[in-house]
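One structure is given here, and the rest of the page talks about it.
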Amino acid sequence: MPRKQLLVIDDEDDIREVAKLSLQLTEGWTVMTANGGSAGTALALSMEPDAILLDVMMPDMDGPTTLRALQQQGATKSIPVIFLTAKVQAADRRKLMQLGVRGVIAKPFDPLTLAQQIRTVLSWP
Amino acid sequence: MGASSRQARDHSERDDVARFPSWLVGITLALTFLTFALVAWAGYGGYHALESFWNRESRIRALHGMILRLDEVLTMSARMAAATGDLRWEQRYRRYAPQLDAAIAEAKALVPGSSSIAAIAGTDAANVKLVAMENSAFALVRAGHLNEAHAVLSSPAYETQKVLYSTGLDRVLKEQQKRLDGALVQAKQRVTLSLSASVALLLFSITTWIVVIGRLRGMQGELEHRITERTAELSATNVEMLAARNAAEKAAQTNARLARESALILNSATEGIMGIGLDNRPTFLNPAGARILGMTLNDLEGKTIHEAVHHSYADGTPWPEADCASTQAMRRSESVAIAVDTFWRRDGTSVPVEYSSTPMLDENGNQLGAVMMFRDVTERRAIEQLKSEFVSTVSHELRTPLTSIRGALGLLSSGLLGPIAEKGQRMLEIAVSNTDRLVRLINDILDLERIESGRVELARGPVDANAVMVHAVEGVQSMADQAGVRLLIVPATGALWGDSDRIIQTLTNLLGNAIKFSPPDTTVTLSGATRERDFVFSVADEGRGVPEQKLETIFERFSQVDASDSRDKGGSGLGLAICQSIVHAHGGRIWAERNDPAGSRFQFTIPLAVPSTVAPAAIESSASRTILVCQDDWSPNIVEVLEGRGFRVVMATSSAEVIARAANVRPDAIILDVNDSGNGRQIVEALKSTAETRNVPIVVATGQFPESYESYAAAVASWVRKPLKGDDLIHALDLLDAPSILVVEDDLDLARVMTTALQGHGIRTLHAVTGSEAVQHCRQHEPSLIVLDLVLPDMDGFAMVSALRESATLGRIPLLVYSALDVGIADQSRLRLGPTEFLTKSRGSLGDFEEHVVRLLETVTNRTEEGQHAA
């Protein structure tokens, strides 16, 4: 099985780094990061990752806007997206799910189980 | 003196006056008039009689003189004629003679009986003789015999006649005078009599007048006495009245002062105060109210309170008065308190208000109206909004750095980045656990703020009391196990109306607290009971208990029995405050009490569902698919993953419960946690031997595959390895979307071989032993394909196919007839449903069978996709 490739889009440098390190160390996945929506969509187009972790609240281009941009590009349309959010209320979670993402993972996440959570959401073996 | 007794006396006085003899006055008046009439009549009669007497007397006196003078004239004329012979004397005589006769006749007429007197007196005879002698004398004169004529007239006979006549005339006159005097006396008598009578009558009438006046004077005296008396009374009353007036003036002054004070209070109140009459129309509005509403009482004139200020919802749509619960409650003279509502100003703008209305009653309890107090909450709402946004923002802003911290610490302490010294490791663990605690705290603050601000509506619906109790206990079971605390559920039934997640959250919180504060080897008991219109949940422990003085304050934020609790027990200090908020939001009540003999008991109420709203259909009509999860170490993550994927999760903790609930809930799948003691097989067999649950796919979670793995194979749809991971589960549950094949086969060994083979292709396989069971199953869950053996215990394959053909959808299911019999062409037409293939058992290998099934399934799947594209 080829190594999974993931894209993390988050405006927080530290969070990107922790997430990247966590996924690399626990699963050995290849992780690319982008610090915003526009950089993220461009990278997604070139990299065609297996999944995208997308922050919801970002300056300039927020998570839902980025998601729409990804959904509108043929090449990125079918890439599963998981929201990464500090919004933990069930109602917020439902609203985010309705935008067409595969799952929502709450911040702060446990770096040791983050990969596991992604597998769960995406039904990866 | 009372007014009524005075009135009575007035009546009696009027009666006295009425008793005065009015007839007496009448008679007196009549007599008086009569007297005056008589006096007038008598006076007039007397006067008239006297006047006629005097007239006659003077006329008679005149006539007497005239008669005497005429007699003289005639005698003299006769004698002159005789003396002179002049005939003119005769002419004079002739001229005066008739006058004398007329005078004598008049005199006779004036006094009745004069002629008879005269006759008696012989005057008339004398007169006749005299006239005769004088005529003879004149004849002698005319003849020229003057001497003879003279002789006649100077004859003694003439003289005698003359004396006779004069004497007679005197006598007549005297007689007439006498008669007249008699008449005078008569007249005088008449006048005297009438005057006397008049005087008598006058005296009588005067007497009666005196009597009347006397009587009147008596009455006047009496009246004057009474008037005096009354005056005295009146002056006494007046004194009383003056005193009363003084008192009234004082009272009025006091009232005016109170009214001024009330007005001052009402005018200076910062809240709007409105008086409302029984007709629900405003009767009073204080200045603050007028300011808030931008209108005066005049603007409200003729409108009900609802029409005036409450006519539309906050979004501007009209709000009919009949739909307004608060107005209706006010009409029923109930107290009303509304925390958030909208009033409308005169200029059409709206103002957010909080208001309360209280009925106004008089001392007898009759309603006079109502008083409404209201307050402009624009600022407060703005502040609340600000606060809630602030809390939300802050919690997000805090969470972002915490994410990095937690991630970094987690990676460090995991050892993935390299080995760490033991003390360093311990420090990292402290940092991780406190970061987690900080996250919990932030989550709880946000949760509490959201519930209390009412920004998050409760997702109310029918809730099964027992289900939430079971769910909550499952959630804390591992925690209890770690603490060595027994958890006991006393089953209870109750249909509630509320937000099941929030109720479970409350129960979990209370159970968690109870476990935290319970020493090992004690029991935490969860029970419930219906009480009137509520259901009461009760969580009792045998721990150290809550001190009496803390029972009330324990629900306040960050309230702890012991200052070190938060650190030691890992709570946020907000758990009970959240519980209280949730319960209050449901309209319930929460309280703590001491539990005998030790520990504490936390109880709260949730309203029962109104019977009509809890139709069983409402519970079952959940659109999503239901998964029954049976496991003994509960992981919220699993539930979250399942619910995040749109599944409805029902929990069961014991084997008996899972069987009962499976039959009850009819889940789309069962996730069965099989522990090492190995009762899993019994549960699976029980589920498979029950008609209702036979075809519910079972996903078994296990730490190790059982030795008798083979014997499970046909019964279990999928396996997941413990510890449970969400992705494994979801993958296992993907089979629900996978094509399902119904194998209708009475030979159990063959059926097991077939299903095992098909499961190898990732195909979900269902099994029916009899034709009727197969038909029933098809009606519940339409399979993608039916594999049919023709020889069955109850109905044969032909009967089953014709039964399925009755339904339009079931009649199009693809069919593989896999039978030991060769089916002839004629029979084949009776066996067709959708795309139908025939395979004879003896001729085809298991590989052929698999190939047929896969091919048929592919045609079905393609067809479905084409259909979707076309659509």
Restricting attention to the stretch B:170-185, does a residue exist that is in a helix (DSSP H, G or I) and under 17 Å from residue B:73 (Cα atoms)? no
Residue B:446 meets each of (1) within 14 Å of another protein chain (Cβ to nearest Cβ); (2) over 24 Å from residue B:600 (Cβ atoms); (3) surrounded by fewer than 22 Cβ atoms within 10 Å (Cβ to Cβ) with one exception, condition (3)
Please identify the pairs in which a residue from the stretch B:127-147 that is in the same structural domain as residue B:93 (by TED's automatic domain parsing) has its Cβ atom under 6 Å from the Cβ atom of a residue that is outside any helix (DSSP H, G or I), counting only partners at least 6 apart or on another chain. B:141/B:85; B:146/B:85
Can you tell me which residue is nearest to the other protein chains (Cβ to nearest Cβ) among those in the stretch B:401-426 that are farther than 26 Å from residue A:11 by Cβ and of a type in the set (D, E, K, R)? B:426
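Yes/no matrix, rows are residues, columns are (1) more than 24 Å from residue B:630 (Cβ to Cβ); (2) more than 14 Å from chain A (Cβ to nearest Cβ); (3) among the aliphatic types (A, V, I, L, M); (4) touching a His at 6+ places or on another chain (Cβ under 7 Å):
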{"position": "B:472", "(1), (2), (3), (4)": "no, yes, yes, no"}
{"position": "B:505", "(1), (2), (3), (4)": "no, no, no, no"}
{"position": "B:523", "(1), (2), (3), (4)": "no, yes, no, no"}
{"position": "B:554", "(1), (2), (3), (4)": "yes, yes, yes, no"}
Determine which single condition residue B:429 fails, assuming it passes every other condition in (1) within 23 Å of residue A:21 (Cα to Cα); (2) within 12 Å of another protein chain (Cβ to nearest Cβ). (2)
Let me spell it out: the conditions are (1) outside any loop (DSSP other than H, G, I, E, B); (2) surrounded by 21 or more Cβ atoms within 10 Å (Cβ to Cβ); (3) within 12 Å of chain B (Cβ to nearest Cβ), and residue A:111 meets all of them except one. Which number is the exception? (1)
Please verify whether residue A:85 is within 14 Å of the chain's Cα centre (by Cα) and away from chain B (no Cβ under 12 Å), treating the condition exactly as stated. no
Residue count, the stretch A:94-103, condition crowded, with 19+ Cβ neighbours inside 10 Å and either farther than 23 Å from residue A:18 by Cβ or at the interface with another protein chain (Cβ under 7 Å from one of its Cβ atoms) (or both), comes to 1
Filter pass, residue B:476 being surrounded by 19 or more Cβ atoms within 10 Å (Cβ to Cβ), part of a strand (DSSP E or B) and touching a Gly at 6+ places or on another chain (Cβ under 8 Å): no
Among the strands (runs of 3 or more DSSP E) confined wholly to the stretch B:578-671, which include 3 or more residues that are modelled with pLDDT of 75 or more and either over 30 Å from residue B:557 (Cβ atoms) or aromatic (Phe, Trp, Tyr) (or both)? B:626-630, B:648-652
Within the group B:424, B:407, B:418, which residue is assigned to a loop (DSSP other than H, G, I, E, B), among the small types (Gly, Ala, Ser) and outside the structural domain of residue B:605 (by TED's automatic domain parsing)? B:418
Go through (1) more than 14 Å from chain B (Cβ to nearest Cβ); (2) surrounded by fewer than 21 Cβ atoms within 10 Å (Cβ to Cβ); (3) of a type in the set (S, T, N, Q); (4) assigned to a helix (DSSP H, G or I) for residue A:116 and report which single condition fails. (1)
Condition test on residue A:106, is it under 27 Å from residue B:394 (Cβ atoms) and within 14 Å of chain B (Cβ to nearest Cβ)? yes
Go through (1) away from chain A (no Cβ under 14 Å); (2) touching a helix residue (DSSP H, G or I) at 6+ places or on another chain (Cβ under 6 Å); (3) over 22 Å from residue B:571 (Cβ atoms) one by one and return the number of the condition residue B:464 breaks. (2)
Return a yes/no flag: does the stretch B:80-90 have any residue that is in contact with a Lys or Arg (Cβ under 6 Å, 6 or more places away or on another chain) and modelled with pLDDT of 80 or more. no
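Here's the yes/no breakdown for (1) among the small types (Gly, Ala, Ser); (2) farther than 22 Å from residue B:299 by Cβ:
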{"residue": "B:332", "(1), (2)": "no, yes"}
{"residue": "B:344", "(1), (2)": "no, no"}
{"residue": "B:358", "(1), (2)": "no, yes"}
{"residue": "B:370", "(1), (2)": "yes, no"}
What's the number of the only condition in (1) modelled with pLDDT of 75 or more; (2) touching a Lys or Arg at 6+ places or on another chain (Cβ under 7 Å) that residue B:59 fails to meet? (2)
Can you say whether residue B:730 is surrounded by 22 or more Cβ atoms within 10 Å (Cβ to Cβ), modelled with pLDDT of 70 or more, closer than 22 Å to residue B:476 by Cβ and out of contact with any Gly (no Cβ under 9 Å at 6 or more places or on another chain), as far as the supplied structure shows? no
Quick one: would you say residue B:343 is of a type outside the set (D, E, K, R) and closer than 30 Å to residue B:325 by Cβ? yes
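Conditions tested, residue by residue: (1) within 14 Å of another protein chain (Cβ to nearest Cβ); (2) under 30 Å from residue A:12 (Cβ atoms); (3) outside any strand (DSSP E or B).
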residue	(1), (2), (3)
B:356	no, no, no
B:386	no, yes, yes
B:393	yes, yes, yes
B:399	yes, yes, yes
Is it the case that some residue within the stretch B:358-369 is at pLDDT below 85, in the same structural domain as residue B:288 (by TED's automatic domain parsing), in contact with a helix residue (DSSP H, G or I) (Cβ under 8 Å, 6 or more places away or on another chain) and not aromatic (Phe, Trp, Tyr)? no
Does residue B:458 satisfy being under 23 Å from residue B:572 (Cβ atoms), modelled with pLDDT of 85 or more and among the aliphatic types (A, V, I, L, M)? no
Within the stretch B:356-366, can you find the residues that are out of contact with any Leu (no Cβ under 6 Å at 6 or more places or on another chain) and surrounded by fewer than 13 Cβ atoms within 10 Å (Cβ to Cβ)? B:363, B:364, B:365, B:366
Report every pair of residues separated by at least 6 positions or lying on different chains whose Cβ atoms are under 6 Å apart, first residue within the stretch B:365-380 and closer than 20 Å to residue B:341 by Cβ, second surrounded by 15 or more Cβ atoms within 10 Å (Cβ to Cβ) and acidic (Asp, Glu). B:373/B:271; B:375/B:271; B:375/B:354; B:377/B:354
Could you say which residue among B:542, B:532 is more than 30 Å from residue B:384 (Cβ to Cβ) and free of Cβ contacts under 8 Å to residues at least 24 places away in the same chain? B:532
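The values are calculated or read from the model by the stated rules, or taken from the named source; none is laboratory data. All values derive from a computational prediction rather than experimental measurement. Please note: Cβ atoms are built from the backbone with ideal geometry, for glycine as well, and neighbour counts cover all protein chains shown.
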